[in-house]
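Novice: What follows is a single structure, and I will ask about it in a moment.
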Amino acid sequence: MTRTSIGILGAGQLGRMLAISGAQLGFKIELLHDEDSPCAGEVASYQKASLSDEQTIKAFAAKHSVTTAEFENVPLSVLSWASESGKLFPPPPAFAVAQDRLLEKELAQKLGIKTPRFAPVSSLAELESAFASLGAGKFVLKTRSLGYDGKGQARINAASEIAAAWTSIGERPAILEEFFPFESEVSCIVARSTRGEIKAYDLCQNTHQSGILVKTSVEPNHPLQLAAVAVVEKVLSKLNYSGVLTVEFFVKNGELYFNELAPRVHNSGHWTIEGAETSQFENHLRAILGLPLGSTKIRGNKVEMLNILGTAPKLEEVLKEENLHLHLYGKEERPGRKIGHLTKIYW
Ligand code: AMP
């Protein structure tokens with residue numbers, strides 16, 4: 001039997017966890033990125049290459065059974081070169097949408113999915129008229145591209161703050177969005193295989209601080225489970241998607257409002273490593289290889305995942321706790337940086 005090999009564009013913690021789960025199934029894993037010593041390079045083969053090196057990217061995708069990506073902002077040129085192999089999943093248009101907040105919101109609208117009110121802006125004048133047309137209230141200005149974990153965002157609570165907000169996001173194409181009075185935030189993680197099989201995880205209830213995920217809590221039978229999966233299925237179908245897809249929602253008055261999507265495994269799904277029958281990482285690999293998907297059933301009555309930001313906890317203290325699973329990504333400690341996570345299962 002020829003050995004299955006998986007190419008991964010990117011080599012951060014998501015790549016590291018994908019590599020670990022792929023290794024368990026006996027797959028050969030190779031990661032490619034332009035950093036010197038990324039954290040995933042410690043657990044699998046790593047090729048350092050410039051992301052503008054067309055021949056290298058094409059050769060990388062051609063030699064692997066399948067190629068995927070572990071970060072959202074893979075340049076579209078790289079995806080286009082890799083997709084010439086016919087073995088790149090998820091498909092590049094999913095990345096094009098996820099990389100642009102306006103395209104994301106427009107896709108949701110086209111599919112009849114509710115979103116917070118928004119307007120595109122590409123100049124200070126447009127921002128001023130968008131502010132006027134969206135009516136009174138509080139707003140958040142978000143760059144269309146290259147914003148994540150709350151970066152590239154500015155709050156606008158009054159007309160007097162418009163100019164400063166425009167400067168603070170670097171005067172880049174953006175969307176002005178109402179500051180949404182949500183009751184909670186949830187994400188829906190769904191795997192769809194190249195054979196069309198679909199499996200969804202239980203809805204993840206997420207807590208953010210300063211735009212960064214700090215905690216995910218999951219219990220079976222969330223009242224919005226079916227509604228959320230139905231929305232994600234529409235997106236999967238529209239994008240002709242294979243792999244794991246994550247959609248983040250705001251919840252208000254028992255209704256879902258689309259916030260954003262990620263064409264990849266997601267931080268809010270890290271609990272699935274110990275907290276579900278099959279992890280999101282393994283199911284992503286199964287999905288892109290056209291293998292049967294594993295059960296997404298939750299283990300226990302409730303699972304919680306806490307991100308470790310900045311500083312690692314004392315090993316002696318964490319490891320003596322029962323039902324607590326520590327993951328450290330081998331990243332240097334730095335204030336606010338995601339360097340690991342903890343998962344606790346409540347039986
Ligand atoms: P994003 O990168 O757009 O997902 O933003 C990160 C986090 O900032 C979200 O998960 C929310 O907690 C918060 N946030 C983003 N957009 C809004 C909004 N329109 N209204 C209220 N909170 C928001």
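Novice: Choose one answer from 101, 16, 337: the residue with the largest mean-square fluctuation in a GNM of the chain with alpha-carbon springs under 10 Å.
Specialist: Top of the fluctuation ranking is 337.
Novice: For 241, 257, give the ranking by accessible area with the largest first, probe 1.4 Å.
Specialist: The residues order as 257, 241, largest area first.
Novice: Could you tell me the relative contact order of the range 206-288? Use alpha-carbon pairs under 8 Å, at least six residues apart, and round to a whole percent.
Specialist: Relative contact order for the range 206-288 comes out at 24 percent.
Novice: Continuing with this model, one more query. Mind checking the per residue accessible area of the range 1-156 for me, 1.4 Å probe, whole number of Å²?
Specialist: Counting only protein heavy atoms, the per-residue value for the range 1-156 is 44 Å².
Novice: Would you pull out the residues with amide H under 5 Å of residue 45's amide H, same chain only if 5 or more places away, H placed 1.01 Å from N?
Specialist: Under 5 Å from the amide H of residue 45 lie the amide H atoms of 29, 31, each far enough along the sequence or on another chain.
Novice: I'd like the Karplus ³J(HN,Hα) series for the range 183-190: coefficients 6.51, -1.76, 1.60, θ = phi - 60°, whole numbers in Hz, and an x wherever there's a Gly or Pro.
Specialist: Running phi through 6.51 cos²θ - 1.76 cosθ + 1.60 with θ = phi - 60° gives 8, 7, 10, 10, 10, 10, 10, 10 Hz.
Novice: Most fluctuating residue of 203, 291, 14 in a GNM of the chain with Cα springs under 10 Å: which is it?
Specialist: 291
Novice: In sequence order, what are the phi-derived ³J(HN,Hα) couplings for the range 65-77 according to the Karplus relation 6.51 cos²θ - 1.76 cosθ + 1.60 with θ = phi - 60°, rounded to whole Hz, with x for glycine and proline?
Specialist: 4, 8, 10, 9, 9, 10, 9, 6, 8, 4, x, 4, 4
Novice: Taking only Cα atoms and a 10 Å spring cutoff, compute GNM fluctuations for the chain and point out the largest among 185, 197, 161.
Specialist: Ranking 185, 197, 161 by mean-square fluctuation puts 161 first.
Novice: Leaving out ligands, DNA and RNA but keeping every protein chain, what accessible area does residue 242 have, in Å² rounded to the nearest 10, with a 1.4 Å probe?
Specialist: 10
Novice: Against the longest principal axis of the chain, how steep is helix 54-63, in degrees 0 to 90 to the nearest 10, with axes from Cα atoms?
Specialist: In the chain, helix 54-63 runs at an angle near 50 degrees to the longest axis.
Novice: How high is the relative contact order of the chain, given as a whole-number percent (alpha carbon pairs under 8 Å, six or more residues apart)?
Specialist: 14
Novice: Also: Per DSSP helix of 4 or more residues, -39500 (n - 2.57); summed, then divided by the residues of the chain. What does that give at 222 nm, rounded to the nearest 500?
Specialist: Counting only the DSSP helices, I get -8000 deg cm²/dmol.
Novice: Can I ask one more? Please work out how much length the chain gains when fully extended from residue 54 to residue 346, using 0.36 nm per residue of separation minus the C-alpha to C-alpha distance, in nm with one decimal.
Specialist: Net length gain for the segment: 100.3 nm.
Novice: With a 1.4 Å probe and every protein chain left in place, work out the accessible area per residue of the range 231-347 in Å², rounded to a whole number.
Specialist: Accessible area per residue, the range 231-347: 42 Å².
Novice: Return one number: the angle in degrees, 0 to 90 and rounded to the nearest 10, between the long axis of the Cα atoms of helix 124-133 and the longest principal axis of the Cα atoms of the chain.
Specialist: 80
Novice: Where the accessible area of the chain is counted over protein heavy atoms with a 1.4 Å probe, how much of it, in %, is carbon and sulfur?
Specialist: Heavy-atom surface of the chain belonging to carbon and sulfur, 1.4 Å probe: 50 percent.
Novice: For the range 263-271, in order, what is each residue's ³J(HN,Hα) by Karplus, 6.51 cos²θ - 1.76 cosθ + 1.60 with θ = phi - 60°, in whole Hz (x at glycine and Pro)?
Specialist: Per-residue couplings from phi come out as x, 5, 4, 9, 3, 6, x, 5, 4 Hz.
Novice: Shifting gears a bit: Residue 69's amide H: which non-local residues (gap 5+, or another chain) put their own amide H closer than 5 Å, with H modeled 1.01 Å from N in plane and none for Pro or chain starts?
Specialist: 9
Novice: Roll a 1.4 Å probe over the protein heavy atoms and report the accessible area of residue 36 in Å², nearest 10.
Specialist: 120
Novice: What aspartates and glutamates sit close enough to residue 344 to cross-link, taking a C-alpha to C-alpha distance under 13 Å and skipping anything fewer than 8 places away on the same chain?
Specialist: 219, 274, 304, 321, 322
Novice: Hey, another quick one. What is the spread of the Cα atoms of the chain along each of their three principal axes, largest first, in whole Å?
Specialist: That works out to 63, 51, 40 Å along the principal axes.
Novice: Relative contact order for the range 34-126: what percent, with Cα pairs under 8 Å and sequence separation of 6 or more?
Specialist: 19
Novice: Taking only Cα atoms, what is the 0 to 90° angle, nearest 10, from helix 225-238's long axis to the longest principal axis of the chain?
Specialist: Long axis of 225-238 versus the principal axis of the chain: about 80 degrees.
Novice: If you don't mind, there's one more thing I want to ask. How big, in percent, is the set of alpha carbon pairs in the range 128-220 lying more than 22 Å apart?
Specialist: Tail fraction, whole percent: 45.
Novice: I need the peptides 308-315, 246-253, 189-196 ranked by packing, meaning the mean over residues of other C-beta atoms within 10 angstrom, with the highest value on top.
Specialist: Highest mean packing first, the order is 189-196, 246-253, 308-315.
The values are calculated or read from the model by the stated rules, or taken from the named source; none is laboratory data. Values in this document were obtained by computation on a predicted structure and should not be read as measured data. Cβ coordinates were reconstructed from backbone atoms using ideal geometry, including for glycine residues, and neighbour counts include every protein chain displayed. SASA here: full protein model, heavy atoms, side chains in, ligands and nucleic acids out. Shrake-Rupley method; radii C 1.70, N 1.55, O 1.52, S 1.80 Å.
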